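First up is the structure itself, then whatever we jot down about it.
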Amino acid sequence: MHEISLAESVVQLIGEAAIKEKFSRVKTVWLEIGKLSHVDAEAMQFCFDSVSEQTLAEGAILKIIPVAGRGYCSSCVQEVLIDQLYAPCPVCDSFCVSPIAGTEMRVKELEVE
């Protein structure tokens, strides 16, 4: 389960932002998770709750924003929705699809005090 290390990184990022922006508590974290990122949202929620204990993010609400998978097919020259990496293009069945969105995970916004 790599979600534990990802959650630790999110908490570390929040700590760095707290120093830079001078806040003392996080109330809500909005986290974008791409469909193609292989991050399980439920596991991420559990791990975040665990690793944020005794930090300024303890008790913060984690709101996960799913990001659809999109790719560019160089065969039919179209942007297409994709559910998994290395799948054929849903339009032309070519395997020339490069992901352009949905592989990322990022902290989009923080509500802080």
* Please determine, by comparing only the residues of region 9-28 that are outside any helix (DSSP H, G or I) and open to solvent by less than 20 Å² (accessible area, probe 1.4 Å), which one is nearest to VAL97 (Cα to Cα). => THR28
* Asked: Which of the strands (runs of 3 or more DSSP E) contained wholly in region 29-113 include at least 1 residues that are under 25 Å from GLU8 (Cβ atoms) and open to solvent by 30 Å² or more (accessible area, probe 1.4 Å)?
  -> 61-67, 105-112
* To do: Taking GLN45 as meeting all but one of (1) out of contact with any Leu (no Cβ under 7 Å at 6 or more places or on another chain); (2) under 20 Å from HIS2 (Cβ atoms), write down the number of the exception.
  => (1)
* **Residue among LEU81, LEU56 that alone is in contact (Cβ under 8 Å) with a residue 40 or more places away in the chain and more than 14 Å from the chain's Cα centre (by Cα)** => LEU56
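The values are calculated or read from the model by the stated rules, or taken from the named source; none is laboratory data. Quick caveat: nothing in here was measured; it's all calculated off a predicted structure. No Cβ is skipped: glycine too gets one built from the backbone with ideal geometry, and neighbour counts run over all protein chains shown. Areas reflect the complete protein model, heavy atoms only, side chains present, ligands, DNA and RNA absent. Shrake-Rupley method; radii C 1.70, N 1.55, O 1.52, S 1.80 Å.
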